[in-house]
Amino acid sequence: MEQEIYYEDYEVGAERVTIGKTITEADVVIHAGQVGDFFPHHMDAEWCKTTEFGQRIAHGTLTFSVGVGLTATVINPVAFSYGYDHLRFIKPVFIGDTIHTKVTIKEKKDHKKRANMGFVTETLEIINQKGETVMVADHLLLCQKKNS
C-alpha cells in the first residue's frame, strides 16, 4: 500500500502496533547462513543447556530485522529511513517466541540545511508474547514537508 505521509502529518505521541511473528528454528538457521554468525548461542542446543538461558537464543540482528520488517506496512514515497540510534537488546528472544513491534512518534525536528525536509524519530519497542520488551531502537525518518 502506498500513502504519502508528510512531516506535518506525524504527531508526537502517536502509536501503532504491528502484527506478530513467531521466531522459528528455520529463521535462526537461515539468518546464521546469511550473516555468517554460527556462534553456539544460536546454533548449539546442547551447549546452550549449560548457559544461563538454557536454550538457543535468536541473533540480535534477527530480532532487529524482524522487528523492523513488521513495521513496513506502508510505502511512503515522501519519507526515507535515515538510520537507527540507541539500539539495545534488553532480553533474549528464543525459538518459539512471538514478537511484535510498538512504534511511538518520539520527536520531530526541522532539517538544518533543507527547509523542505524534517526528521521524525520513532521509538521502536520489540515485545514478546509475555509483554516483555526485548529490544528498543530509535528510527529516524527524513520526511518531506507539504507544499515544498
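Every number in this text was worked out from the coordinates using simple rules, so none of it is lab data. Computed from a predicted structure; not experimentally measured. Here the Cβ positions follow ideal geometry from the backbone for every residue, glycine too, while neighbour counts run over all protein chains shown.
Computed quantities for the displayed model
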quantity: Taking Met43, Met1, Met117, Met135 and counting other C-beta atoms within 10 Å, the order from fewest to most; calculated: Met1, Met43, Met117, Met135
quantity: For Asp44, distant residues with modelled amide H under 5 Å away; calculated: none
quantity: Sequence of Tyr10, Tyr84 once ranked by neighbouring C-beta atoms within 10 Å, starting from the fewest; calculated: Tyr84, Tyr10
quantity: Total charge dipole magnitude, the range 7-144, about the Cα centre, Cβ charges on Lys, Arg, Asp, Glu only, Debye to nearest 20; calculated: 280 debye
quantity: Residue-by-residue Karplus 3J(HN,Hα) for the range 14-21, coefficients 6.51, -1.76, 1.60, Hz, glycine and proline x; calculated: 5, 10, 8, 10, 8, 6, x, 9
quantity: Amide proton proximity set for Asp97, modelled H, under 5 Å, gap of 5+; calculated: Ile23
quantity: Local electrostatic count at Val68 - Lys and Arg +1, Asp and Glu -1, tallied over other residues with Cβ under 15 Å; calculated: -1
quantity: Efficiency of FRET between Met43 and Thr22 - r from beta-carbon atoms, R0 25 angstrom, step 0.05; calculated: 0.85
quantity: Stokes-Einstein D (µm²/s) once Rh is taken as the Kirkwood radius of the chain over alpha-carbon pairs, at 25 °C in 0.890 mPa s; calculated: 147 µm²/s
quantity: Links that overshoot a 22 Å alpha carbon limit, given the list Lys113/Lys145; Lys21/Lys109; Lys21/Lys49; calculated: Lys21/Lys109; Lys21/Lys49
